[in-house]
Amino acid sequence: MKTSCDASCKKPFEVEEFQTDRISGGIEKVYFSCPHCQQEYVAFYTDPEIRELQVRIRRVQQRFANPKADIGKVAQREAEIKAQIKEKMNALRARIEGGGYGK
Ligand SMILES: [Zn+2]
């Protein structure tokens, strides 16, 4: 993934890997940093509930490989979980970045 360091040095860089940091309350911050100036960019936050949903979506996605699976249903289920994850991630991020959670 190519991006540029908009918040700091403005140099373009390639995101090679995400790092994970534990915050309080079982919350994890997934982020990457600029290789030039170490400016940190948060990709998303997860809590135990979101991580459980991520496990569940992976399990659903594995069903695509099953020739007997009803692909339409699997795709629908996948979309449902994806929407839930997105909604919860947005809410969690707003909660954390709006204050209330220290490091
Ligand atoms: Zn930078």
### Query
Given charges of +1 on the Cβ of Lys and Arg and -1 on the Cβ of Asp and Glu, with all other atoms neutral, how large is the dipole of the chain about its Cα centre, in debye to the nearest 20?
340 debye
### Query
How compact and how long is region 2-97, expressed as Rg and Dmax of its alpha-carbon atoms in Å?
16.7, 52
### Query
Given a 1.4 Å probe and every protein chain left where it sits, what share in percent of the accessible area of region 2-97 is carbon and sulfur?
48 percent
#### Entry: Count of Lys pairs (Cα-Cα under 30 Å; at least 8 positions apart or interchain) in the chain
25
### Task
Compute the accessible area per residue over the chain, keeping the other protein chains in place, probe 1.4 Å, unit Å².
69 Å²
### Task
Answer with one residue from ILE71, MET1, PHE18: the one whose Cα lies farthest towards the positive end of the charge dipole of the chain, charges on Cβ with Lys, Arg +1 and Asp, Glu -1.
ILE71
### Query
What FRET efficiency would be calculated for the residue pair GLU97, ASP6, taking the C-beta separation as r and a Förster radius of 25 Å, to the nearest 0.05?
0.90
### Query
How far, in degrees from 0 to 90, does helix 71-97 lean away from the longest principal axis of the Cα atoms of the chain, to the nearest 10?
30 degrees
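The values are calculated or read from the model by the stated rules, or taken from the named source; none is laboratory data. Nothing here was measured: the structure is a model prediction, and the numbers come from that model. Virtual Cβ from ideal backbone geometry, glycine too; neighbours counted across all protein chains shown. When the accessible area is computed, the model is the full protein with side chains, heavy atoms only, and any ligands, DNA or RNA have been set aside. Shrake-Rupley method; radii C 1.70, N 1.55, O 1.52, S 1.80 Å.
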